[in-house]
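Read the structure below first, then the notes.
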Amino acid sequence: MNYAKNILETIGNTPLVQLNHIVKDLPCKVFAKVEYFNPGHSCKDRMALQMVEDAEADGRLKPGGTIIEGTSGNTGMGLALAAIVKGYKLICVITDKQSKEKMDILRAVGAKVVVCPTDVEPEDPRSYYSVSKRLAEETPNSWYVNQYDNPSNTKANYLQTGPEIWNQTDGKVTHFIVGVGTGGTISGIGKYLKEQNPDVKIWGVDTYGSVFKKYHETGIFDENEVYSYVTEGIGEDILPKNVDFSIIDHFTKVTDKDAAVYCRKLALEEGLFVGMSSGSAIKGLLQMKGELKPDDVVVVLFHDSGSRYIGKIFNDDWMRERGYLEDEVVTAADLIKN
Ligand code: PMP
């Protein structure tokens, strides 16, 4: 018989899929590492399991314990799968910016969800950073994961996703591009790929309203760069320890509107029903067109599934209210008419 002993054994080994239409203006081949094939439908399953197993190994997480994390949803889903299989409780602290689907999904897999306001300073006692820390102090036998600074986050991508990309491209990958939030994905994969071939270029995709690009270019943490934005999962108002700025060659910023529009294009033109940060990643790549040559082999990573954004990106009213729907975008209504 060929089977997995539990759902955690199905994490990883996601497919690499060539993009054929959306990249037609680029001179080279582009492949997408499609992470929604993980059981929790995102890349974060990998790091969630790694963080849990490393914490079990050194005694930070004890039998019957409670896992506590400030998570935008995808890490929470990965932690929930690990908690179910391994017998832990889970509390997810989430901001009110996150889609309702993400909160409902977390509850469906047994997590207790605490919602905090988005537009407060990280130091504010109501912020999701502060609330998660406080809950961890007050809850007996609990472990605060802290995906931002937890090295197991980068390690999971260094040990798994990086080697997968290298092997799937037969070592031919020349550029890797991905959205950056905690930094675990870009830092782990980037470090592995650069160890195999120091010439591989690593490009990070940032949002408007986030500090990464400016900090990378100037070394200055500029608070003027911080304002609220819509894109989920990427960009930060802090500098997480998991962002290894030394392995990132360049950051490009993508607007919320472009992220939303290109997310829809990926579904319509490639059949890839992915989340908003994947729209950011593909648009970020198109913005880098001038740096690419015909023999280049680009890998772009798509973090999660469009199913988490049904009420947002894939809802015409939500898109229209924000001015994201324009003539060039095919709406559901247009499709029915045609
Ligand atoms: N996209 C989505 C949808 C995410 O949930 C995350 C994780 N915050 C990212 C991108 C960024 O990944 P990382 O935290 O590894 O930088």
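For this structure, a couple of remarks:
- Subtracting the Cα-Cα distance of Val120 and Asp249 from their residue separation scaled by 0.36 nm leaves 43.3 nm.
- Difference of contour (0.36 nm per residue) and Cα-Cα distance, Glu138 to Ala57: 26.8 nm
- Rg over Rh, two decimals, the chain (C-alpha only, Kirkwood Rh): 0.95
- Sequence ranges 216-223, 21-28, ranked by mean other-Cβ count within 10 angstrom, highest first: 21-28, 216-223
- When peptides 117-127, 152-162 are ranked by their average number of other Cβ atoms within 10 Å per residue, the highest-first order is 152-162, 117-127.
- Two-site FRET efficiency, Ile220 against Ala108, from Cβ-Cβ distance with R₀ of 45 Å, rounded to 0.05: 0.60
- Helix content alone sets the calculated 222 nm mean residue ellipticity of the chain: runs of n ≥ 4 DSSP H residues at -39500 (n - 2.57) each, divided across all residues, give -10500 deg cm²/dmol.
- Relative exposure of Glu232, Glu225, Glu269, judged by other C-beta atoms within 10 Å (fewest first): Glu269, Glu225, Glu232
- Model label points for Asn6 and Ile84, set 7 angstrom from Cα along the Cα-to-Cβ axis, are 1.1 nm apart.
- Alpha carbon Rg of segment 89-228, scaled by the compact-globule rule 2.2 N^0.38 Å: 1.24
- Positive-pole candidate from Gly311, Leu8, Gly162, dipole of the chain, charges at beta carbon: Leu8
- With the simple spin-label model, which puts each label point 7 Å out from Cα in the Cβ direction, the Leu159 to Lys100 separation comes to 3.9 nm.
- Summed residue charge, Cβ within 13 Å of Tyr88's Cβ, Lys/Arg positive, Asp/Glu negative: +2
- Mean separation of Cα pairs under 8 Å and 6 or more residues apart, divided by the residue count, gives segment 189-272 a relative contact order of 37 percent.
- Across all directions, the average projected area of the convex hull around the alpha carbons of segment 1-119 is 10.8 nm².
- Theoretical gain in end-to-end length, Ser307 to Ala267 [0.36 nm per residue, Cα-Cα removed]: 13.3 nm
- Charge dipole of segment 46-159 (Cα centre as origin; +1 on each Lys and Arg Cβ, -1 on each Asp and Glu Cβ, all else neutral): 380 debye, rounded to the nearest 20.
- Relative to the Cα centre, the charge distribution of the chain, modelled as +1 at Lys and Arg Cβ and -1 at Asp and Glu Cβ, gives a dipole magnitude of about 760 debye.
- Computed with the Debye formula from one identical point scatterer per Cα of segment 236-314, without solvent, the log10 of I(q)/I(0) at q = 0.13, 0.20, 0.22 Å⁻¹ comes to -0.47, -0.99, -1.10.
- Mean sequence separation of contacting Cα pairs (under 8 Å, at least six apart), scaled by the length of the chain, corresponds to a relative contact order of 19 percent.
Each reported figure results from applying straightforward, stated rules to the coordinates on display, with no laboratory input. Because the structure is a prediction, the values reported are computed rather than measured. Cβ atoms come from the backbone with ideal geometry, glycine included; neighbour counts cover every protein chain shown.
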